[in-house]
Each structure stands twice: as C-alpha cells, then as structure tokens.
Amino acid sequence: MALQYSTAVRNAKLDAVESAIGTAPIMRLYSGSAPANPAAAATGTLLAEITMPSDWMAAAASGSKAMSGSWQDLSADATGTPGYFRIWNSAGSTCHVQGSAGTSGTDMVLSTGSLTAGQSFSVTGFTIQDNNA
C-alpha cells in the first residue's frame, strides 16, 4: 500500500513549497522542452520573465494550492512558442520548480500560445497538488 496523508499534512507540504522558494520569486518562460530537472541548465530561448507577487500562491486547501495575484508580463523579451517555465528564487539564482507551459493541458496555462517580443501576456492558471490521499 502506498503512503497516505491527511488533508492537513498534504496542505502543509504544499505551503512549504512557497515558503522554501520565498516571496516575489521570478518566473521565466522558455521555448522548447524542459531540461531533465530544475538543477540542470535552462534550454531554449528565454521568452519572458515575470517577478511574481510577494504572496504568489494562495493557502493550500484540500490538497491543492493555486496561484495568487496577477502574473503578467507587459513586454515579452523574445518571439517564440512557450514550451516550459521555471520558478526561481527572488534573486534568480536557484530554480526550484519547472513544468510545461501553454494554453491548455499544461502545468502552467498562458493567455496566448505564441509570444512576440514586446507583447503582453498573463498566466491564467497554475495549481500544484499533493495527491497522496
């Protein structure tokens, strides 16, 4: 049997993710496929960078934690099709999370599937879950 956790433990694990990364982290959006893990060097073209709000995730509830505040870039850095994102600490020196990015069926949902340098866009959906119920 796999380990199972109470909702309180699942929520605490999720809230620890935001605490470990810290306030006002940086989200970078890249073209192409994600590297093997967050410690590996980024690949593809850096398309955009967003400094996220200080309180960037809502409190976990029912084993789920959703984005909080507005995640928007008023001017993309480069032209391309987003493939993945990375969330870094506020200094931009340590990557803590990476996942797929697009307009649907991805870990992070964007307002557009293709970026042009100078174009504004926003993140419309991002939720992390702990499913060890």
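Quick note: the coordinates plus some simple rules give every number you see, no bench work behind them. On a predicted model such as this, the values are computed, not experimentally measured, just so you know. Virtual Cβ from ideal backbone geometry, glycine too; neighbours counted across all protein chains shown.
Please tell me the relative contact order of region 23-128 in percent, rounded to the nearest whole number, where contacts are Cα pairs under 8 Å and at least six residues apart. It would help to have the intermediate numbers written out before the result.
Working: 291 pairs, mean separation 31.3, N = 106.
Normalised by residue count, the contact order of region 23-128 is 30 percent.
Evaluate Rg over Rh across the chain, taking Cα atoms for both radii and Kirkwood's formula for Rh. Please report the intermediate quantities before stating the final value.
Values: Rg = 15.0 Å, Rh = 15.2 Å.
The Rg/Rh ratio comes out at 0.98.
Run the quick spin-label model on LEU46 and SER122: label points 7 Å from Cα toward the beta carbon, then report their separation in nm to one decimal.
With each label placed 7 Å out from Cα toward Cβ, I get 2.5 nm.
Convert each backbone phi in region 24-29 into a coupling constant with the Karplus relation 6.51 cos²θ - 1.76 cosθ + 1.60 (shift: θ = phi - 60°), then list the ³J(HN,Hα) values in order as whole Hz, x for Gly and Pro.
6, x, 10, 10, 10, 10
Can you give the angle from 0 to 90° between the axis of helix 7-21 and the longest principal axis of the chain, with both taken from C-alpha atoms, to the nearest 10?
The answer is roughly 40 degrees.
Skipping prolines and chain starts, which residues have an amide H placed within reach, meaning under 5 Å, of the one on SER68, given they are 5 or more residues away or on another chain?
Close amide H contacts, sequence-distant or interchain: MET57, ALA58.
In sequence order, what are the phi-derived ³J(HN,Hα) couplings for region 40-54 according to the Karplus relation 6.51 cos²θ - 1.76 cosθ + 1.60 with θ = phi - 60°, rounded to whole Hz, with x for glycine and proline?
After applying 6.51 cos²θ - 1.76 cosθ + 1.60, I find 6, 4, 5, 10, x, 9, 5, 8, 6, 9, 10, 8, 7, x, 4 Hz.
Taking 2.2 N^0.38 Å as the expected size of a compact globular protein, what ratio does the Cα radius of gyration of region 71-113 give against it, to two decimals?
Working: Rg = 11.2 Å, N = 43, 2.2 N^0.38 = 9.2 Å.
Relative to the 2.2 N^0.38 Å estimate, region 71-113 comes out at 1.22.
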